[in-house]
Amino acid sequence: MKSTIHPKPEALWSHLHWLVVLGEQGSYTGAAARLGVSKAAMSQHIAELERAAGVPLVRRTTRSVGLTEAGRQLVDDTRGAFDSIAESFASVRDRAGVPQGRLRVTAPVALARQQLVPRLPAFVRAYPEVRLELDLSDNLRSLTLEGLDLAIRHTAVAPDTHVAWLLCTTRSVLVASRAYLRRAGLPRTPGDLRGHDCLHYPRTQEAPAWTFEPVVPGTAPRLTVPVAGPLAASNSEALRDAALAGLGIALVPDFSAQAALQSGKLVQVLPDWRSVGTFSESIHAIRPYSAHVPRSVSVFVEWLREAFAPGFGA
């Protein structure tokens, strides 16, 4: 009778790692992209691992890929080991003294386009061994599942499982073009906004409203004003551009309005009042907690803190 020859466990280490990634990504396409291999190679590795294990490890449907009970056990038992190997290798590599390797960063679209990307050439020239990959997205991403090293976020707090560095403070500003204000008049109080075209960021299905309090505390009560206008957009650049076109008064973060205010193309409306609750008042760099921080991440965070330290006041 012909005997079955099983491969040695060490010959399957890469296969096990690919299974871990497949379990995290939930699809062959996503796992192959994460590993930088072809979908065919991914499928072949998993098939080889299943033959060696003697049991199905992956449950395939027309829409998704899931793990069987045996597959989930393998992933749960080995994920920690692979994480430890990755951290150990990164620690050893950092002993070279020169920050290097791929650095994957996600950032909001408007903030990245207006403030981050124009500053990046300085970082690239200072650290030529770091290969920076920038993911522009306003969606909250799972850094661990998508293999992202760092997130730049316009947020006040970070998840408990993450570490956050404050880059700078920010504020929301009301802006309009001179042409619009000549046509519609200049608001003197937040209540005057009821009679204006207000360009707003849609948050909920409820009627939009802006809340204000005086810059000098105690000089007036906090006010919430219902607003309406010809355009709502979930991107501050779009709202700013609509204000530049004279469509109305926009409430946007200062990082989107900075250049237009400095050039005089937009003017600030109601400077004695500050917006409350529309946008966060701080910008953070965020990464999942781990005992070892890659040198490329630490130098990029320090560079960000220095680059963003002045804030975005006009």
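The values are calculated or read from the model by the stated rules, or taken from the named source; none is laboratory data. On a predicted model such as this, the values are computed, not experimentally measured, just so you know. For neighbour counting, all protein chains shown are included, and Cβ atoms are generated from backbone atoms with ideal geometry for every residue, glycine included. Accessible surface is based on the protein model in full, side chains and every heavy atom, while ligands, DNA and RNA are left aside. Shrake-Rupley method; radii C 1.70, N 1.55, O 1.52, S 1.80 Å.
Summary table below
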| quantity | calculated |
| --- | --- |
| Gyration tensor verdict on the chain (Cα atoms; rounded if a/c is under 1.5, prolate if a/b is larger than b/c, oblate otherwise) | prolate |
| Estimated dipole of the chain in Debye, rounded to 20 [Cβ of Lys and Arg +1, of Asp and Glu -1, Cα centre] | 600 debye |
| Cα-centre dipole for the stretch 128-232 with unit charges at Cβ (Lys and Arg positive, Asp and Glu negative), debye to 20 | 760 debye |
| Built amide H within the under 5 Å cut-off of Leu132, gap 5+ | Leu103 |
| Residues whose placed amide H lies under 5 Å from that of Trp273, excluding near-sequence neighbours | Val215 |
| Size of electric dipole in the stretch 189-314: Cβ of Lys, Arg +1 and of Asp, Glu -1, about Cα centre, debye, nearest 20 | 240 debye |
| Placed amide H near Leu67: partners under 5 Å, 5+ positions off or other chain | Arg59 |
| Ordering of 123-134, 37-48, 253-264 by packing [mean C-beta count within 10 Å, highest first] | 253-264, 37-48, 123-134 |
| Cα convex hull of the stretch 157-314 - mean projected area over all directions, nm² | 11.1 nm² |
| The chain - percent of accessible surface contributed by carbon and sulfur, probe 1.4 Å | 53 percent |
| The chain: relative contact order as a whole-number percent, Cα under 8 Å and 6+ apart | 21 percent |
| Accessible area of the chain divided out per residue, in Å², using a probe of 1.4 angstrom | 54 Å² |
| Linear extension gain, Ala245 paired with Leu120, 0.36 nm per residue minus alpha-carbon span | 42.1 nm |
| Relative packing of 225-238, 156-169, which averages over residues the other C-beta atoms within 10 Å, highest first | 225-238, 156-169 |
| Stokes-Einstein translational diffusion, the stretch 106-161 - Kirkwood Rh over all Cα pairs, 1.306 mPa s, 10 °C, in µm²/s | 127 µm²/s |
| Ranking by accessible area, most exposed first, for Ser296, Ser64 with a 1.4 Å probe | Ser64, Ser296 |
